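Read through the structure below, which is laid out as structure tokens, and then see the notes.
The values are calculated or read from the model by the stated rules, or taken from the named source; none is laboratory data. It should be emphasised that the depicted structure is a prediction, and the values quoted were computed from it without experimental measurement. Neighbour counts are summed over all protein chains in view; Cβ atoms, including those assigned to glycine, are modelled from backbone coordinates with ideal geometry.
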Amino acid sequence: MRKQRFTFQYIILAAALLLTSACSTPQPAEKTLKEAFDGKFLMGCAINVDQSSGRDVVADSLIVRHFNSIVAENCMKCEKIHPLENEYFWDDADQFVQFGEKNNMVIIGHCLLWHSQCAPWFFHDEKGNLVSADVLKQRIRDHITTIVTRYKGRVRGWDVVNEAIMDDGTYRDSYFYQILGEEFIPFAFECAHAADPDAELYLNDYSMAKPGKREAYVKLIGQLQEKGLHIDAIGIQAHAGMDYPDMNDMEQTIQAYIGTGIDVMFTELDINALPNVFENGNENAAVEERFEYEQRMNPYVNGMPADSLQVWNSRVQGMFDLALKYHEHFRRVCMWGLCDQQSWLNDWPMPGRTNYPLLFDRNYRLKPVMQKYTMTAH
Ligand code: 9MR
């Protein structure tokens, strides 16, 4: 009797299984991000030292699964990698490069020259005076040659000069500019190419959709090309917000850069979900700008409301749709971090906010907005 009931239960179970598989339409398997954009552009992620050292195990598993390119969020910046004139600190940068190699990723170096986070010794002599043009050139040459040579053949491309132009198209009044004038940019490209002739070389900046900035970069690219210097692509950082940049302006920027004959990339994509703290609706990503914490500027501590999320989703898709539209000239789309809780935007320009700028949420889940790409052929 007992045996009979057992057999009967098996028959029911088998029938139910058969019925379910016959009725359900086969679901397309969800692709990873890198699979979704395979053949179109590289899918990149800026990683921090916890990730490149293997300490952030959960993040690492997602980075390896979803991304085929990495960039160093901080460990290759001058103040970290070259803190004193005769002292380089390689541990973190070496680990970053090893992480990329171990996981078969395209490794990007960020950044060789940047006015910000540049070690204080770089521009001054022992008396504290600004150094001469010749001394600065020698320092730039040593800095670039040493770093690029160390990772020759391992780092695919370098942000050679970062954030050199202001939103209105004028040159940033950095020490590089004050001491060397416009010449510091071609000089940096010359040094980088000499150190690794096979490395890709890039310019990189934020608020690129601003017409003044766009025109200045088109002119600068032309000047580098006229001098016969090697430049492969320009990085549109793409630190965006809920109402900027205007997508038509962004598209015009992409077209203008492609028109110069080099490729484009989104190199630091994130979408700030919080109210703009700047009274003038500032669209930049200048790390030196800071505000004191105000509760009213931190409205989504417990999550984003549906209407804001909808806007955020359309902004993200707007950026990816542009990259897809121009994919023949788009080398890479790189997120500026993996998941929301790790983003610099929780603390900039105001500390202690709860922001939602990235593709993975605070529980390390890929946001549903990306199903537009991961669930379909496009
Ligand atoms: O995300 C980076 C943050 O952790 C650093 O504190 C900050 C200063 O080094 O730089 C951030 O990254 C910047 C990038 O290097 C250049 N473009 C703007 C990015 C956001 O500030």
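Name the single residue that is surrounded by the fewest Cβ atoms within 10 Å (Cβ to Cβ) among those in the range 281-308 being more than 16 Å from the ligand (Cβ to nearest atom) and among the small types (G, A, S). So that I can check it myself, show each step before the final result.
Quick first cut of the range 281-308, residues more than 16 Å from the ligand (Cβ to nearest atom) only: 281, 292-308.
Imposing the further condition that a residue be among the small types (G, A, S) reduces the set to 281, 303, 306, 308.
On the way: G281: 10, G303: 12, A306: 7, S308: 16.
Selected residue: A306.
Based on this model, can you work out whether Y171 counts as in contact (Cβ under 8 Å) with a residue 60 or more places away in the chain, touching a helix residue (DSSP H, G or I) at 6+ places or on another chain (Cβ under 6 Å), of a type in the set (S, T, Y) and farther than 18 Å from F266 by Cα?
no
Hey, can you tell me all the residues within the range 309-343 that are in contact (Cβ under 8 Å) with a residue 40 or more places away in the chain, within 14 Å of the ligand (Cβ to nearest atom) and not in a loop (DSSP other than H, G, I, E, B)?
Once the filter is applied, which keeps residues that are in contact (Cβ under 8 Å) with a residue 40 or more places away in the chain, within 14 Å of the ligand (Cβ to nearest atom) and not in a loop (DSSP other than H, G, I, E, B), the range 309-343 yields C334, M335, C339, Q342.
Looking at (1) crowded, with 20+ Cβ neighbours inside 10 Å; (2) under 24 Å from Y217 (Cβ atoms); (3) touching a helix residue (DSSP H, G or I) at 6+ places or on another chain (Cβ under 6 Å), find the lone condition where A93 falls short.
The number of the failed condition is (2).
So, in the range 79-92, of the ones that are in a helix (DSSP H, G or I) and in contact (Cβ under 8 Å) with a residue 24 or more places away in the chain, which residue ends up farthest from T145 (Cα to Cα)?
Among residues in the range 79-92 that are in a helix (DSSP H, G or I) and in contact (Cβ under 8 Å) with a residue 24 or more places away in the chain, the one farthest from T145 (Cα to Cα) is D92.
Could you figure out which of (1) in a helix (DSSP H, G or I); (2) within 14 Å of the ligand (Cβ to nearest atom) isn't true of M76?
Of everything listed in (1) in a helix (DSSP H, G or I); (2) within 14 Å of the ligand (Cβ to nearest atom), M76 misses just condition (1).
Out of the residues in the range 114-132 that are in a strand (DSSP E or B) and touching a residue at least 40 places away in the same chain (Cβ under 8 Å), state the one that is nearest to the ligand (Cβ to nearest atom). It would help to see each step written out before you state the result.
Within the range 114-132, the subset in a strand (DSSP E or B) is 114, 124, 130.
Then drop every residue that is not touching a residue at least 40 places away in the same chain (Cβ under 8 Å), which leaves 114, 130.
Numbers: W114: 7, L130: 23 Å.
The qualifying residue nearest to the ligand (Cβ to nearest atom) is W114.
Checking R139 against (1) more than 16 Å from the ligand (Cβ to nearest atom); (2) within 18 Å of the chain's Cα centre (by Cα); (3) in contact (Cβ under 8 Å) with a residue 40 or more places away in the chain, only one condition comes out false. Which one?
(2)
Any residue at all in the range 66-77 that's among the charged types (D, E, K, R), more than 19 Å from A192 (Cα to Cα) and without any contact (Cβ under 8 Å) to a residue 24 or more places away in the chain? Quick ask: steps written out before the conclusion?
Residues of the range 66-77 that are among the charged types (D, E, K, R), as a first pass: 73, 77.
Retained after the next criterion (residues that are more than 19 Å from A192 (Cα to Cα)): 73.
From the residues that got through so far, the ones that are without any contact (Cβ under 8 Å) to a residue 24 or more places away in the chain too are none.
Within the range 66-77 (the criterion being among the charged types (D, E, K, R), more than 19 Å from A192 (Cα to Cα) and without any contact (Cβ under 8 Å) to a residue 24 or more places away in the chain), the answer is no, since none of the residues qualifies.
Residue under question is P83, and the condition is that it be modelled with pLDDT under 95 and either within 16 Å of the ligand (Cβ to nearest atom) or among the polar types (S, T, N, Q) (or both); does it hold?
On the way: modelled with pLDDT under 95: no; either within 16 Å of the ligand (Cβ to nearest atom) or among the polar types (S, T, N, Q) (or both): yes.
In short, no.
Which condition number does D50 fail, the rest of (1) within 16 Å of the ligand (Cβ to nearest atom); (2) surrounded by 14 or more Cβ atoms within 10 Å (Cβ to Cβ) being met?
Exception for D50: condition (2).
Out of T260, T267, T253, which single residue is of a type in the set (S, T, Y), surrounded by fewer than 21 Cβ atoms within 10 Å (Cβ to Cβ) and in contact (Cβ under 8 Å) with a residue 40 or more places away in the chain? Full working, then the answer.
On the way: T267 fails: surrounded by fewer than 21 Cβ atoms within 10 Å (Cβ to Cβ); T253 fails: surrounded by fewer than 21 Cβ atoms within 10 Å (Cβ to Cβ).
Exactly one residue qualifies, and that residue is T260.
Only one of V148, V155 is among the β-branched types (V, I, T), buried (at least 18 other Cβ atoms within 10 Å of the Cβ) and either touching a residue at least 60 places away in the same chain (Cβ under 8 Å) or part of a loop (DSSP other than H, G, I, E, B) (or both). Can you tell me which? Outline the logic, then answer.
Values: V148 fails: either touching a residue at least 60 places away in the same chain (Cβ under 8 Å) or part of a loop (DSSP other than H, G, I, E, B) (or both).
None of the others qualify; the one that does is V155.
Conditions first: (1) away from the ligand (no atom under 16 Å from the Cβ); (2) outside any helix (DSSP H, G or I). C111 passes all but one, so which condition is the exception?
It is condition (1) that C111 fails.
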